[in-house]
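Working notes for the structure below.
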Amino acid sequence: MVSDETRGEVDTRLFNWLAYLGVVPFVIGIVMAAFQYSVLGVDGRLWFTAYSAVILSFLCGVWWGGALNRLDHVHRLPLMLLSNIIALVGWVALLFYQAPLALPVLMVAFLFVERAEARLKPNLSFFSGYFKTRTRVSYLVVACHLAMIAILWR
């Protein structure tokens, strides 16, 4: 059996591509909002907010799955509860997507998830590429939220 100490770094190239490609729908929403474009009645604000809520729920699902698979994890119960609370906050923001606070709430939720993951991540060198990409993409997503807020409040 290979121990954590003797394992090489995990190849995260596919993950990196998918993570960065995941920012594209945020950019599409920004462009739609900037040019007041809609597709089948879906404007940029709804597109952006819906995608944001979905991705936030996905990230919370990762926490949920991790908590289910690690019965011995010291933060198991808080992760399960927080994953549900944050996902629900995202969906409430989606329901009220036209409210001025929806996007700032989603942005803060993404920051919270990133900071919580930074504190919880294991000190396993073979996942270092994963965590570097997650951090970069998280801050790109926050920047997208700031751009969308700027466009909507101009």
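The values are calculated or read from the model by the stated rules, or taken from the named source; none is laboratory data. Since we're looking at a predicted model, the values are computed, not measured. Here the Cβ positions follow ideal geometry from the backbone for every residue, glycine too, while neighbour counts run over all protein chains shown.
For P104, state whether it is modelled with pLDDT under 95, out of contact with any Lys or Arg (no Cβ under 8 Å at 6 or more places or on another chain) and of a type outside the set (S, T, Y). No. Could you say whether any residue in region 49-56 is farther than 22 Å from V142 by Cβ, in contact with a helix residue (DSSP H, G or I) (Cβ under 9 Å, 6 or more places away or on another chain), in contact (Cβ under 8 Å) with a residue 12 or more places away in the chain and of a type outside the set (D, E)? There is no residue in region 49-56 that is farther than 22 Å from V142 by Cβ, in contact with a helix residue (DSSP H, G or I) (Cβ under 9 Å, 6 or more places away or on another chain), in contact (Cβ under 8 Å) with a residue 12 or more places away in the chain and of a type outside the set (D, E). Here F26 clears all of (1) over 23 Å from A116 (Cβ atoms); (2) of a type in the set (F, W, Y); (3) touching a residue at least 24 places away in the same chain (Cβ under 8 Å) except the condition numbered (1).
The number of residues in region 54-97 that are of a type in the set (K, R) and surrounded by 14 or more Cβ atoms within 10 Å (Cβ to Cβ) comes to 1. Note on region 11-53: residues that are among the charged types (D, E, K, R) and loosely packed, with under 13 Cβ neighbours inside 10 Å total 2. Being closer than 19 Å to A150 by Cα, of a type outside the set (V, I, T) and part of a loop (DSSP other than H, G, I, E, B) is the requirement here; does P104 meet it? No; evaluated as a whole, the condition is false for this residue.
On inspection, S128 does not qualify as more than 19 Å from V27 (Cα to Cα), surrounded by 14 or more Cβ atoms within 10 Å (Cβ to Cβ), small (G, A, S) and under 16 Å from the mean Cα position of the chain (by Cα). Counting the residues of region 66-80 that are part of a helix (DSSP H, G or I) and closer than 19 Å to A118 by Cβ gives 5. Here is the figure for region 81-101: residues that are part of a helix (DSSP H, G or I) and either at positive phi or in contact with a Leu (Cβ under 6 Å, 6 or more places away or on another chain) (or both) total 2. Is at least one residue of region 33-43 closer than 21 Å to M148 by Cβ, part of a helix (DSSP H, G or I) and in contact with a helix residue (DSSP H, G or I) (Cβ under 6 Å, 6 or more places away or on another chain)? Yes, region 33-43 contains at least one residue that is closer than 21 Å to M148 by Cβ, part of a helix (DSSP H, G or I) and in contact with a helix residue (DSSP H, G or I) (Cβ under 6 Å, 6 or more places away or on another chain).
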